[in-house]
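Each reported figure results from applying straightforward, stated rules to the coordinates on display, with no laboratory input. Computed from a predicted structure; not experimentally measured. Don't worry about glycine lacking a Cβ; one is built from the backbone with ideal geometry, like all the others, and counts go over all protein chains shown.
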Amino acid sequence: MRVLLWCIAGAAVVQLGLWYFGWRGGFSPIFYYFLRVHETHGNALLAMVAVLAFLLRHQQAPLALVRFAGERPWTLAALAFPLLCSGSLQVYEAYPLSMDEYSTYFQGQAFAAGELRGKFPPDLLDRLVPGTFQGWFFSVSRATGEVATTYWPSFSLFLAPFIWVGAPWAANPLLAALAIPAVHGIARDATGSQEAAGWAVLLTLASPVFVVTSVSLYTMPAHLLCGLWYARLLLVPTPRRAALAGLVGSIALTLHFPLRHAAFAAPFVLWLLVRPGAVRNGAALIAGYLPLGILLGWGWHAYVLGLPAGAGAAASAAASAVEQAAPAVAPPSGTSSSLVQALRSLGLPAMSVVHARLAGLAVLWTWAAAGLVVLAIYGAALSWRSSVTRLLLAAFGITLLGYLVTGTGDQGHGWGNRSLYGVWFVLPLLAAIALARAPLEGSLRGLMGWAAVLSLVLANGLRLLQVDAFVERHLAQVPPLARAPDASRPEVVFVNVRSGFYTYDMIHNDPFLRGPRIVMVLGTPRSAESLMAVRFPAYRKAEEGAWGQRWERGAGR
């Protein structure tokens, strides 16, 4: 009963927060949209699930699933992988929806081609890479047309072989499938209980943030898997495990933005340095970090800044005639690739940042399995004396604090709380501790078993429907982009970035323009027509609307 009451009270507080932030505004348009449209439905459903689970709590059928998850995590991973692949294809349409996804995907395409950067015709650069994103998501050379992402490259390197074989949609489902036994392993290590490991796995799968993020093209599944292995290796440190943790940490540090891992790793490093064997373990940890940290961190950052025009000079693109009439779009918070730039913004957070982080905590609730946050708090209270619990809570808190003092706004695009996703596994782990310590004769296990099963079906179902509808509506803004390109009919699509919602994000191109479709910023209809007459004389206009124009080789009137 107490758990049910806390779930209802939490849902009420979160709903009041959603109403307040929805009334107040002040966020990026996409974050504001999700708060107003998606989160209220998710919150109401979780409250309903908590009530249904309470009514069914005396029926113990879901506990068989907990036992299965505890005994067969790799079997669950094998079952989850094709289902997540299907979601990536059918729900997400294997489409890099946000610029965070597209920029790393673009770089992965370049790596798959054996190159460090893409290359566009310099005179078309502002049409192929909107000036708004030059210097933020992409570093460009205005002299040579070279283009590379400003994000650090580990995730793009991971994507490259999947892109090379034509299956980029399988990358994150694979990482998510591997995270399932990793969650199982760290829960079993922390508690010594196979039942707790089963609870941790089931509550992870029942949380929409895990499922939906796993079918996207965000770097978040890689952050989650690296965080799991980093923590697991250092919870029982030896020189060998510390060196392996450093290797995993160097990958996490260079996935795309170093602050995420730096904040997460800080309490583990400090804890390692005050334990016996600190010198040997610390040296091994540093040795593990150095090779890839230097190559993929400092080396990539130097390479990006070394492009002839550099990221800093890209601001001149703002004066481009292509986008003079287009509205400005503020870059999302956290898009900088440099830890130095993040540290420069250290200081007391503005109230807008505080509001953004509070809204992010509300989203953390609405994208979890029903009762997960309540049980996580209960588990933390039960196991507070454990060094494992304190370490994990410190990692969670420092990550949150890091974004509070270095952030400049909300997360923009994203499913659930992206900023905390790399350390999100702390919640199901602490909830599993609470359930493993609950009396066997009580009904708490039955309640949470049903909450997990109902969330697995209903909460995930709702979120997948929301994402599917959002992706479809987004692509439908520019009808040609909602259709797969035809290799036998090359086309140029001009997007009117002054019309629609986040249409800037729809300017996607192969790094070397090898595909049958080229997408450009429209500018004005007359300027597009003049460009086509000079650069693509064999193309004819096939479609036109408020969304822009489509030109096809040999087509038209």
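Computed values, structure above
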quantity: Cα gyration tensor category, rounded, prolate or oblate, for segment 481-553 with a/c compared to 1.5; calculated: oblate
quantity: Residues of segment 491-522 with amide N under 15 Å of a point placed 7 Å along Cα→Cβ from residue 473; calculated: 500-503
quantity: DSSP-defined beta bridges in the chain - what % are antiparallel, rounded to 5; calculated: 75 percent
quantity: Ranked packing of 463-476, 235-248, most packed first, by mean Cβ within 10 Å; calculated: 235-248, 463-476
quantity: Estimated FRET transfer efficiency when R0 is 22 angstrom, pair residue 1-residue 394 (beta carbons, to 0.05); calculated: 0.10
quantity: Segment residue 348-residue 144, extension gain: residue separation times 0.36 nm, minus the distance between their alpha carbons; calculated: 69.3 nm
quantity: Neighbour net charge for residue 3 - beta-carbon separation under 15 angstrom, K R +1, D E -1; calculated: +4
quantity: Degrees between helix 220-235 axis and first principal axis of the chain (Cα, 0 to 90, nearest 10); calculated: 40 degrees
quantity: Efficiency of FRET from Cβ geometry, residue 302 and residue 534, R₀ 30 Å, rounded to 0.05; calculated: 0.20
quantity: Segment 408-557 shape via C-alpha gyration tensor axes, a/c threshold 1.5; calculated: prolate
quantity: Per-peptide average of other Cβ atoms within 10 Å, ordering 133-144, 40-51, 190-201, 24-35 highest first; calculated: 190-201, 133-144, 40-51, 24-35
quantity: Helix-only CD estimate at 222 nm, as mean residue ellipticity for the chain, using -39500 (n - 2.57) per DSSP H run (n ≥ 4); calculated: -18000 deg cm²/dmol
quantity: Trypsin sites (Lys or Arg not before Pro) lying in DSSP loop within segment 378-443, provided at most 16 other Cβ fall within 10 Å; calculated: 385
quantity: Distance between modelled label sites at residue 546 and residue 48, nm, 7 Å Cα→Cβ extension; calculated: 3.3 nm
quantity: Whole-Hz ³J(HN,Hα) from phi, Karplus 6.51 cos²θ - 1.76 cosθ + 1.60, for segment 9-14, glycine and proline x; calculated: 5, x, 4, 5, 4, 4
